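Chemist: Below is one structure. I have some questions about it.
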Amino acid sequence: MPTARQGSLLELPELNPDADIAVSMDRIVQAAGLSRAEAVDRLNAAARRFGVRLASGNARELGLATFEKWLNPKEADYVPSVRALNLFCHVFGAADPLDILARSHGLGWRVIRGEDAKLLEWARTEREIKALRKRKSRIEAEL
């Protein structure tokens, strides 16, 4: 069960991050140097490969018009599903949209990867080593 904690004013929940996610996705597509049609083709190919459904209703594939709406922060009625967002991040090698979603809870959650994940593991190991040294010193003092 989650525990309640006091957040700072900078960590207030933004439980409707749809517009920020749309802007982030648009920037990612632009940075990839692909046309929107090429991006849709990549997403549909990955969706077939991984068995992820991107479109709703009877549509078999994601259409360009829907994709355009996903990338438009003013189209509140058209947002990708969590599975579609996950696939988008995989296809473009970008975690920013998922990070926006995680941070939206105001609980200090973040998406980290690569070197940051290794740095976090190193810091936790260092903290554990420090605690073990302190424990060792206390035991030695008792001997």
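The values are calculated or read from the model by the stated rules, or taken from the named source; none is laboratory data. Because the structure is predicted, anything quoted here is derived from the model rather than measured. Counting neighbours? That spans all protein chains shown, and the Cβs are built from the backbone with ideal geometry, glycine included.
Chemist: Output the residue which, of all residues in the range 73-88 that are surrounded by 13 or more Cβ atoms within 10 Å (Cβ to Cβ) and of a type in the set (Gly, Ala, Ser), is modelled with the highest pLDDT.
Modeler: The extreme case among them is 84.
Chemist: Name the single residue, out of those in the range 62-87 being among the charged types (D, E, K, R) and within 20 Å of residue 28 (Cβ to Cβ), that is nearest to the chain's Cα centre (by Cα).
Modeler: 83
Chemist: Take residue 26 and decide whether it is among the charged types (D, E, K, R), out of contact with any helix residue (DSSP H, G or I) (no Cβ under 6 Å at 6 or more places or on another chain) and touching a residue at least 12 places away in the same chain (Cβ under 8 Å).
Modeler: yes
Chemist: I'm trying to understand the selection: among the residues of the range 33-76, which are outside any helix (DSSP H, G or I) and small (Gly, Ala, Ser)?
Modeler: 33, 35, 51, 55, 56, 57, 59, 63, 76
Chemist: Among the residues of the range 89-102, which ones are touching a residue at least 24 places away in the same chain (Cβ under 8 Å) and buried (at least 17 other Cβ atoms within 10 Å of the Cβ)?
Modeler: Once the filter is applied, which keeps residues that are touching a residue at least 24 places away in the same chain (Cβ under 8 Å) and buried (at least 17 other Cβ atoms within 10 Å of the Cβ), the range 89-102 yields 91, 92, 94, 96, 97, 100, 101.
Chemist: Further question on the same structure: Just to be sure before I move on: is residue 94 closer than 23 Å to residue 20 by Cβ and either in the same structural domain as residue 31 (by TED's automatic domain parsing) or out of contact with any strand residue (DSSP E or B) (no Cβ under 9 Å at 6 or more places or on another chain) (or both) in the structure I sent?
Modeler: Considered against the rule, which asks whether it is closer than 23 Å to residue 20 by Cβ and either in the same structural domain as residue 31 (by TED's automatic domain parsing) or out of contact with any strand residue (DSSP E or B) (no Cβ under 9 Å at 6 or more places or on another chain) (or both), residue 94 comes out as yes.
Chemist: Within the range 92-143, work out how many residues are among the aromatic types (Phe, Trp, Tyr), closer than 22 Å to residue 31 by Cα and part of a loop (DSSP other than H, G, I, E, B).
Modeler: So the answer is 0.
Chemist: Same structure again: Taking the residues in the range 104-143 that are in contact (Cβ under 8 Å) with a residue 24 or more places away in the chain and not aliphatic (A, V, I, L, M) as candidates, determine which candidate is surrounded by the fewest Cβ atoms within 10 Å (Cβ to Cβ).
Modeler: The qualifying residue surrounded by the fewest Cβ atoms within 10 Å (Cβ to Cβ) is 108.
Chemist: I'm told residue 106 meets every condition in (1) in contact with a Pro (Cβ under 9 Å, 6 or more places away or on another chain); (2) modelled with pLDDT of 90 or more except one. Can you identify the failing condition by its number?
Modeler: Only one criterion is unmet by residue 106, namely (2).
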